[in-house]
Structure formats: structure tokens, C-alpha cells
Amino acid sequence: MTKRGLVLAGGGLAGIAWETGVLAGIADEAPAAARALLDADVLLGTSAGSTVAAQLGSGTGLEALFEAQVAAETHELLPRASIDDVMELFASALATPGATLEERLQRIGAVAAAADTVPEPVRRAVIGHRLPSREWPARVLRISAVDLETGELVILDGDSGVALVDAVAASCAVPGVWPPVTIGDRRFMDGGVGSSVNVTAAADCDAIVVLVPSSESAPTPFGAGAAAEIAAFPGATLAVFADDEAIAAFGPNPLDPACRIPAAHAGRAQGRRHADRVARFLGV
């Protein structure tokens with residue numbers, strides 16, 4: 001029997017809204033395909049995708065999740081820094097000749113630790129509001145984060161002894177924008193710092209569907225990028241990258257809460273267009 005994974009990539013608040021919209025759009029046109037995605041053997045989420053994965057793991061219906069994204073009211077905070085500030089931080093880490101990926105991530109971690117952001121409990125409360133349930137589901141849910149001190153990619157799940165809200169907060173702790181998350185004697189930052197998809201964490205799957213809220217040719221500070229990483233996956237893959245209409249809907253800063261509504265609608269429209277393709281891949 002084919003073991004399937006649904007991989008949800010990072011991409012800010014725009015990414016949360018777009019991924020939710022894509023899934024709702026698939027459900028509009030191909031309900032059986034949407035059910036197959038929601039029933040995937042493995043849910044893997046990075047950064048924005050960790051929020052969506054945790055929401056799906058709660059069993060909350062797609063329509064309710066979509067309505068939350070297009071609601072006028074939100075508990076999200078307006079960040080003090082923009083995505084451009086984050087990219088400048090990445091550029092400074094890349095400026096170290098001969099440094100390993102972990103060493104570069106350690107440099108980013110040091111800046112993240114020193115950044116002037118909101119207190120951890122304030123950010124944790126925001127993440128808590130995103131989650132319909134704060135309990136790990138019985139199914140397989142994997143959430144990525146990066147250890148601030150070592151630069152190591154860490155995959156958190158229900159057996160990690162970490163509260164779900166802390167795991168999602170860690171995965172969404174964009175360096176320089178939101179505070180690192182303290183769990184025990186370790187501190188963590190955004191799971192998408194080294195890779196927006198982290199498909200290696202789904203290597204036990206025979207087939208994966210990956211939702212990526214960026215263009216297929218989007219530049220990446222580290223590695224070959226999401227498209228190359230997905231192409232190198234040993235199993236069957238289907239990737240949906242944000243199209244031009246979606247990228248335009250995201251606006252200049254995907255971390256700004258104002259992007260949620262247009263991104264969700266753009267995602268739903270794109271999901272409808274890709275529904276048949278997804279259905280054929282899943283064989284439903």
C-alpha cells in the first residue's frame with residue numbers, strides 16, 4: 001500500500017492563507033482528492049506549513065479553516081520587520097566564505113537571539129489562537145524547527161515531549177521578526193531557514209504532494225531551492241507552486257496580516273485549477 005505524505009512549506013501569513021485556499025479549491029472540484037490529501041499518512045509542516053498541518057491534524061474542516069483566513073478580524077500581529085529585512089539577515093550569513101550550512105544558520109541564530117521582538121509569551125498566544133486544538137493528533141504530524149545554537153534541523157512530533165503550540169511557534173519563529181522559542185534548555189527558530197520544504201523528513205513516504213507558497217524559480221539563500229529538493233525526493237512527487245496571480249495577491253510582505261484574505265482567495269482559485277492534476281496523481 002502506498003504511503004502518502006502532504007508536505008506544507010513555509011511562506012509567512014500569505015503561505016498559511018494560500019495553502020488553506022489551495023486545499024479548499026481542490027475540495028471544490030475534486031472532493032475525493034481533497035479527502036485523500038487530508039487523510040495522508042504523514043503531515044509535514046515547515047513554518048507557515050506547520051500551522052496548516054497542525055490545523056488539519058485537529059480534524060477541523062477545510063471550509064471552517066478557509067473562513068478563518070478570510071475573516072476581517074485576526075489575532076495576528078503586525079511585524080516590526082519585513083521579509084526584506086529577513087533576506088538581508090540571510091545575506092549577511094552567506095557572506096562568510098567557506099562556512100557550512102550549520103555555521104551559517106548559527107550566525108542567523110545569533111542575530112535572532114539578539115533581535116528586539118515581542119516577548120515569547122505574546123507570540124505564543126498568537127500561535128495558540130491559530131490552533132483549533134492544542135493537543136497532538138493521533139496521526140503522524142511532523143513539524144520542523146532549527147536549533148539556534150547548533151544550526152541543526154529538528155523534527156518535532158507527538159513523541160518529542162513538546163507541546164504542540166510550542167512546536168508550531170518554534171517552526172514559525174522567523175529570525176529577526178519573532179522571538180526564538182525556548183523549549184527546555186534549547187532555543188529554536190523558524191524551520192524554514194535552511195529549507196522551506198524539508199522533504200527529507202518525509203523520506204519514509206512513497207509519494208508526496210507538496211504545496212509551496214512561492215514561485216518555482218524563487219531564489220533561495222541556501223541550497224538548490226525547493227524545486228530541486230523536491231525533484232531529488234526518492235519517491236513520487238507532485239508540487240503545486242504559487243502562480244503569478246497568487247504571488248501578486250501576497251503583496252510586498254507575506255508577513256503582513258493584510259495579505260491573508262487576497263492570498264486565501266488566490267489559493268482557492270489555484271486549487272480549483274490544479275484539482276484534476278492532483279486527483280490523477282493520487283489515483284482518485
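The values are calculated or read from the model by the stated rules, or taken from the named source; none is laboratory data. Bear in mind that the values here come from a model prediction, so they are computed numbers and not experimental data. Using ideal geometry, Cβ is built from the backbone for each residue, glycine included, and neighbour counts are taken over all protein chains shown. Ligands, DNA and RNA are stripped out before the accessible areas are found, and what is left, the full protein with its side chains, is counted by its heavy atoms. Shrake-Rupley method; radii C 1.70, N 1.55, O 1.52, S 1.80 Å.
Take the Cβ atoms of Asp116 and Thr200, set R0 to 35 Å, and the FRET efficiency comes out at 0.55. The long axis of helix 12-29 is offset from the longest Cα principal axis of the chain by roughly 10 degrees.
State whether segment 1-74 is rounded, prolate or oblate according to the following rule on the C-alpha gyration tensor (a ≥ b ≥ c being the square roots of its eigenvalues): a/c under 1.5 gives rounded; otherwise a/b larger than b/c gives prolate, and the remaining case gives oblate. Oblate.
Starting from the Cα-Cα distance between Met87 and Glu102, subtract it from 0.36 nm times their residue separation and give me the gain in nm to one decimal.
Details: separation 15, 0.36 × 15 = 5.40 nm, distance 1.74 nm.
Using 0.36 nm per residue and subtracting the Cα-Cα distance, I get 3.7 nm.
What's the Kirkwood radius of segment 130-191 in Å, using all Cα pairs?
11.6
Once you have all Cα-Cα distances for segment 34-87, histogram them in 5 Å bins from zero and send the whole-percent values. Percent of pairs per bin, in order: 4, 14, 21, 23, 15, 12, 9, 3. With protein chains left intact and a 1.4 Å probe, residues in segment 1-160 average 44 Å² of accessible area per residue. Dipole size of the chain about its Cα centre, with +1 on Lys/Arg Cβ and -1 on Asp/Glu Cβ: approximately 360 debye, rounded to the nearest 20. Rolling a 1.4 angstrom probe over segment 127-284 with all protein chains present gives an accessible area of which 52% lies on carbon and sulfur atoms. Sites listed here are trypsin sites (Lys or Arg not before Pro) in segment 78-164 whose DSSP assignment is loop and whose Cβ has at most 15 other Cβ atoms within 10 Å: Arg80, Arg134, Arg139. Seen against the Cα atoms of the chain and their longest principal axis, helix 120-130 is set at about 0 degrees.
If you sort the three axes of the alpha carbon gyration tensor as a ≥ b ≥ c, you get a/c of 1.5 or more for segment 64-135 and a/b above b/c, which makes it prolate. The angle between the Cα long axis of helix 48-57 and the main principal axis of the chain comes to about 50°, on a 0 to 90 degree scale. Calculated mean residue ellipticity at 222 nm for the chain: -13500 deg cm²/dmol, from DSSP H runs with n ≥ 4 weighted as -39500 (n - 2.57), summed, divided by the residue count and rounded to 500. Protection proxy ranking, highest mean first, for peptides 247-254, 277-284: 247-254, 277-284, where packing is the per-residue count of other beta-carbon atoms within 10 Å, averaged.
Taking GluC sites (Glu not before Pro) across segment 211-282, the ones in a DSSP loop with at most 15 further Cβ atoms lying within 10 angstrom of their Cβ are Glu216. Only one of (1) 25.7; (2) 19.0; (3) 18.4 was calculated from the structure for Kirkwood radius over Cα pairs in Å, and its label is (3).
Shape class of segment 166-259 from the alpha-carbon gyration tensor: oblate, with a/c at 1.5 or above and b/c at least as large as a/b.
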